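Enquirer: Encoded as C-alpha cells, here's the structure I'll be asking about.
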Amino acid sequence: MRARIYIIMIYFSAFLLMPGTGKAQKGSELYNQYCVACHTIGGGNLIGPDLKGINGKRDKTWLINFIQSSQTMIKNGDPQAVQVFEKYNKIPMPDQPLSRSEVEKVLDYISTQSSPDQSIETTPLANSPEKKMAFNYTSAEANTGLALFKGKKGLSNGGVSCIACHTLRHDALIAGGTMARNLTPSYNNLGVQGIQAIMINPPFLP
C-alpha cells in the first residue's frame, strides 16, 4: 500500500506538465476534468457525494459558491457546507478555477445526466469503499516514487518534496514533516482516484 503512494508521485510530476486547452469547454468536458475523480452521477458516493439530482437538492447560487470555493463557505460557517465537509471525512474539496458560467455548464450537464432517460457518459470509477481500483506497479516504479517522496528526485516544476511536510510509516523513511497529514492511511481512505484528484488540484495553500 505504501509503495502505491510513491507511484502516485510519478503521475503528479507528469500532470504538472500538462498544458491547458485554452478553448471553451462543454459541461461534460469540464465535469470529466474537474469532478469525475471524486464524484459520480448515479453511481454512488466516492470521495465526495453522488451528484445525481443535486440541482433539485441545493440552491443554484449555493452550488456555484460551493464548487468555486467550498473551503471559504466552511470557514464562514455555512451550515450546509460544514455538514457536507463533516459527512465526507473532512476531506477538503479543492477550490475549482471555474467561472460562474462554467459552473453553470457543469450543473446543466449533471441535470441532463440525472434524468433516468440519459446514459452516463463518464467512465464509471471503481474506487468506492466496496470495490477499489486495482493498482499495478513495478518495483522500479515504486523506487522512483520513493525518490520523489524523499526529495532524492526533484519534481518537474521544482516543488518541495512530500517529506518536507508529510510523514509515512515505512522502513525506508527515518522521519518526515509534521506540518501536514500522515499519509500512511491515504490509499486505503481515498483510493487511486482520490489521491490523484487532490494532488492534481490541491485544496491547500502553495
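The values are calculated or read from the model by the stated rules, or taken from the named source; none is laboratory data. This structure is a prediction, so every number in the text was calculated from the model and none was measured. No Cβ is skipped: glycine too gets one built from the backbone with ideal geometry, and neighbour counts run over all protein chains shown. Areas reflect the complete protein model, heavy atoms only, side chains present, ligands, DNA and RNA absent. Shrake-Rupley method; radii C 1.70, N 1.55, O 1.52, S 1.80 Å.
Enquirer: Please determine, by comparing only the residues of segment 13-48 that are modelled with pLDDT under 50, more than 23 Å from S69 (Cβ to Cβ) and in contact with a Ser or Thr (Cβ under 9 Å, 6 or more places away or on another chain), which one is most open to solvent (accessible area, probe 1.4 Å).
Expert: If we take residues in segment 13-48 being modelled with pLDDT under 50, more than 23 Å from S69 (Cβ to Cβ) and in contact with a Ser or Thr (Cβ under 9 Å, 6 or more places away or on another chain), then L17 is most open to solvent (accessible area, probe 1.4 Å).
Enquirer: A further question on this structure: Any idea which of (1) open to solvent by 30 Å² or more (accessible area, probe 1.4 Å); (2) farther than 25 Å from S115 by Cα; (3) at pLDDT below 95 is the one N76 doesn't satisfy?
Expert: For N76, the failing item is (3).
Enquirer: On to the next question. Go through segment 79-99 and give me each residue that's modelled with pLDDT of 90 or more and under 13 Å from C35 (Cα atoms).
Expert: L98
Enquirer: When you scan segment 46-65, how many residues do you find that are within 17 Å of A81 (Cα to Cα) and in a loop (DSSP other than H, G, I, E, B)?
Expert: Summing the residues that are within 17 Å of A81 (Cα to Cα) and in a loop (DSSP other than H, G, I, E, B) in segment 46-65 gives 7.
Enquirer: Being without any contact (Cβ under 8 Å) to a residue 60 or more places away in the chain and in contact with a helix residue (DSSP H, G or I) (Cβ under 6 Å, 6 or more places away or on another chain) narrows it down to one of V82, V106, so name that one.
Expert: Result of the check over V82, V106: V82.
Enquirer: Looking at (1) surrounded by 15 or more Cβ atoms within 10 Å (Cβ to Cβ); (2) modelled with pLDDT of 70 or more; (3) part of a loop (DSSP other than H, G, I, E, B), find the lone condition where E102 falls short.
Expert: The failed condition is (3).
Enquirer: Sticking with this one: Would you please list the contacts, defined by Cβ atoms under 8 Å and residues six or more apart or on different chains, that run from a residue in segment 149-173 that is within 12 Å of S186 (Cβ to Cβ) and assigned to a loop (DSSP other than H, G, I, E, B) to a residue that is open to solvent by 50 Å² or more (accessible area, probe 1.4 Å) and basic (K, R)?
Expert: H166/R181; L168/R2; R169/R2
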